[in-house]
Amino acid sequence: MPSQPANAAWTVPADDEAPLESVRFHGLKSGPKLLVLGAVHGNETCGPNAIARIIDDCRAGRLLIRRGEVTFVPVTNPKAYRQNSREGDRNLNRDMYERPQPIDNEDRIGRRLCALLREHEVLLDVHSFRGEGEPFAFFGPENNNGNLEPFRHDAAELALAACLGVPVAIHGWLDNYVKLIAARERLNLPRLAVTEGYGTTEFMRFAGAYGVTLECGRHDDPASIEVGYAAIRNTLAHLGLIDARPPPGALDCVIHMTEVVICEAEGDVVEDGWKTGDIVPVGAVMARRADGTAVTAPCDGYIIFPSKTARPGEPICHFGVASPRKSRP
Ligand SMILES: [Zn+2]
């Protein structure tokens, strides 16, 4: 018996060790190898729904893949997808690497998924989020030879983020994760490995390629499917896999994540009303400690991922500033 969450267009086998299903189109001319992932988090069904429509378009000839290759994985975490939950046993988009001895669902998927990531040159990973807010894209660091995330495709990656059709792009994820790990150490909370911050896009960069994470909107908002669908089409045009005019860049705000506010004790809460991408003036209250002390913005900036459910050691929100990085047309 196949199964799927309500309102989801793709079915997966009802087995905890179901195989991953991919659909690949090979253009007859050379070009880049693109991988499009959906449902890395099982309850984010805009990805499978958008990808199912694109696959139909490709099969029907409404979209003709002429160059390169595109591989679609509509459901990257089948166990979580069947459960309509974010995770199967743990977050697939953290601590991702090839484990010789997998012990849980995400280890088993991660091992196959890493092999698939290595076969491709570009990744578009389609997600959605819980709260309100505008769709946005996550992209990676500037070119560098550092230890954390050495990289050499910054311009191509930012151009990909800019083509998707969403107004906001954010970078600085892994640097903020290092800050989170340090804060947890100061609080004597269980240690996190630095690899904890590594998900699909970080693995792509590690493997010498590049990729972006697209956050299409609220999980249950039908508009998030449209955002995902348009972004995949735009990516196919941008990379030249289909014959279509490359989309005009829609990016009007690039944010560099610079701070993380960590929940230090029960009762630390994010201030009401914030959503990702909101402008935060210097001195504005972002969160309050259990004793009522305000945590304020250190300068003019933006709030990212406010969480009302943060437990001690988890981020209450992230903070970022206007980034000087711009996509070149
Ligand atoms: Zn997600």
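Laboratory data are not the source of any read-out in this text; all were calculated from the coordinates shown. Note that the coordinates shown come from a computational prediction; the quantities given were computed from them, not determined experimentally. Positions of Cβ are backbone-derived with ideal geometry, glycine not excepted, and every protein chain shown enters the neighbour counts.
Table for the structure above
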{"read-out": "Inter-probe distance in nm under a simple model that places probes 7 Å from Cα toward Cβ, at Asp104 and Val282", "value": "4.3 nm"}
{"read-out": "The chain - charge dipole about Cα centre, Lys and Arg +1 at Cβ, Asp and Glu -1, debye rounded to 20", "value": "940 debye"}
{"read-out": "Region 1-156 - charge dipole about Cα centre, Lys and Arg +1 at Cβ, Asp and Glu -1, debye rounded to 20", "value": "600 debye"}
{"read-out": "Relative contact order (percent, whole number), region 256-322, Cα cutoff 8 Å, 6+ residue spacing", "value": "43 percent"}
{"read-out": "Sum of -39500 (n - 2.57) over DSSP H runs of 4+, divided by residues of the chain (222 nm, nearest 500)", "value": "-7500 deg cm²/dmol"}
{"read-out": "Extension gain (nm, one decimal) between Glu21 and Thr195, 0.36 nm per residue minus Cα-Cα", "value": "60.0 nm"}
{"read-out": "GNM flexibility winner over the chain from Arg24, Arg289, Arg245 (Cα, springs under 10 Å)", "value": "Arg245"}
{"read-out": "Relative contact order for region 1-68, counting Cα pairs under 8 Å that sit 6 or more residues apart, in percent", "value": "36 percent"}
{"read-out": "Two-site FRET efficiency, Asn7 against Arg311, from Cβ-Cβ distance with R₀ of 25 Å, rounded to 0.05", "value": "0.25"}
{"read-out": "Förster radius 22 Å - calculated FRET efficiency between Lys326 and Arg118 (Cβ-Cβ, nearest 0.05)", "value": "0.15"}
{"read-out": "Paramagnetic reach from Leu64 in region 231-266 [backbone N under 20 Å; point 7 Å along Cα→Cβ]", "value": "233-247"}
{"read-out": "Residue-by-residue Karplus 3J(HN,Hα) for region 55-72, coefficients 6.51, -1.76, 1.60, Hz, glycine and proline x", "value": "4, 4, 4, 5, 5, 7, x, 5, 10, 10, 6, 9, 10, x, 9, 10, 10, 9"}
{"read-out": "Reachable lysines from Lys308, criterion Cα separation under 19 angstrom, eight or more residues apart if same chain", "value": "Lys275"}
{"read-out": "Pairwise label distance in nanometres, Arg186 with Ala223, each label 7 Å out on the Cα-Cβ vector", "value": "3.8 nm"}
{"read-out": "Built amide H within the under 5 Å cut-off of Gly211, gap 5+", "value": "Leu123"}
{"read-out": "Asp272-Lys29 FRET efficiency (beta carbon distance; Förster radius 35 Å; 0.05 resolution)", "value": "0.05"}
